Amino acid sequence: MITQDYLLKVIERLGLVLRKARRARDEERNDEALCLVEEGYQSVFGLDIQLASLMDAATLLSFLRTSEEALYLARLMAEEAELRAVTKTGPAAATAKRTLQLFAEAARLSPLGENDREVAQRLLAAHPGLKLSDSDYSALTASR
């Protein structure tokens with residue numbers, strides 16, 4: 001059984017990773033920010049970034065312990081997608097698509113918060129050619 005303590009530790013670790021990455025990004029140290037995010041996959045979720053980048057959203061979900069983790073992983077992946085777009089390294093669009101799919105899954109379980117909706121909309125606007133399933137798109141737009 002997943003305990004509240006476990007989720008609090010995930011939130012704490014994720015918050016630390018995202019704060020450090022955003023601070024580096026604000027200081028225009030984007031490569032450092034991307035490294036921090038990449039390390040966050042392992043330190044927060046126990047996922048290897050190289051392996052995770054090869055997985056579709058459904059497979060990533062199978063590695064997570066709770067539905068809350070889907071939302072937390074989507075937040076980390078959103079930061080990665082935005083950094084990849086800025087640094088022009090790696091598959092920003094593919095990362096954005098998997099991120100949006102994870103947000104859609106989380107939205108099916110519970111409405112997304114305002115910040116998560118804004119992130120999803122930013123990713124959709126930054127990658128207009130992304131092909132999402134009708135159900136994913138509906139889940140993202142219905143959670144507004």
Residues of the stretch 54-75 being at pLDDT 90 or above and either under 11 Å from Thr95 (Cα atoms) or polar (S, T, N, Q) (or both), which ones?
Leu54, Met55, Thr59, Ala74
Taking the stretch 1-31 and keeping residues more than 16 Å from Ser67 (Cβ to Cβ) and either crowded, with 16+ Cβ neighbours inside 10 Å or touching an Asp or Glu at 6+ places or on another chain (Cβ under 9 Å) (or both) leaves Val17, Leu18, Lys20, Ala21, Arg22, Ala24, Arg25, Asn30
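For the stretch 30-72, which residues satisfy the criterion of being in a loop (DSSP other than H, G, I, E, B) and either polar (S, T, N, Q) or under 15 Å from Arg84 (Cβ atoms) (or both)?
Let us first name the residues in the stretch 30-72 that are in a loop (DSSP other than H, G, I, E, B), namely 46-48, 55-56, 63-66.
Once the filter is applied, which keeps residues that are in a loop (DSSP other than H, G, I, E, B) and either polar (S, T, N, Q) or under 15 Å from Arg84 (Cβ atoms) (or both), the stretch 30-72 yields only Thr66.
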Any pair with Cβ under 6 angstrom, 6 or more apart, that starts in the stretch 105-133 at a residue that is more than 14 Å from Glu79 (Cα to Cα) and ends at one that is of a type in the set (Lys, Arg) and surrounded by 12 or more Cβ atoms within 10 Å (Cβ to Cβ):
Leu130/Lys97
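Among the residues of the stretch 74-96, write down those that are charged (D, E, K, R) and part of a helix (DSSP H, G or I). If you could, list the steps in order and put the result at the bottom.
The first filter runs over the stretch 74-96 and keeps only residues charged (D, E, K, R), leaving 75, 79-80, 82, 84, 88.
Result: Arg75, Glu79, Glu80, Glu82, Arg84.
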Given (1) touching a residue at least 12 places away in the same chain (Cβ under 8 Å); (2) closer than 21 Å to Ser138 by Cβ, number of the condition Leu36 does not satisfy:
(2)
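The values are calculated or read from the model by the stated rules, or taken from the named source; none is laboratory data. Note that the structure is a prediction, hence the values are computed from the model and not measured. Cβ coordinates were reconstructed from backbone atoms using ideal geometry, including for glycine residues, and neighbour counts include every protein chain displayed.
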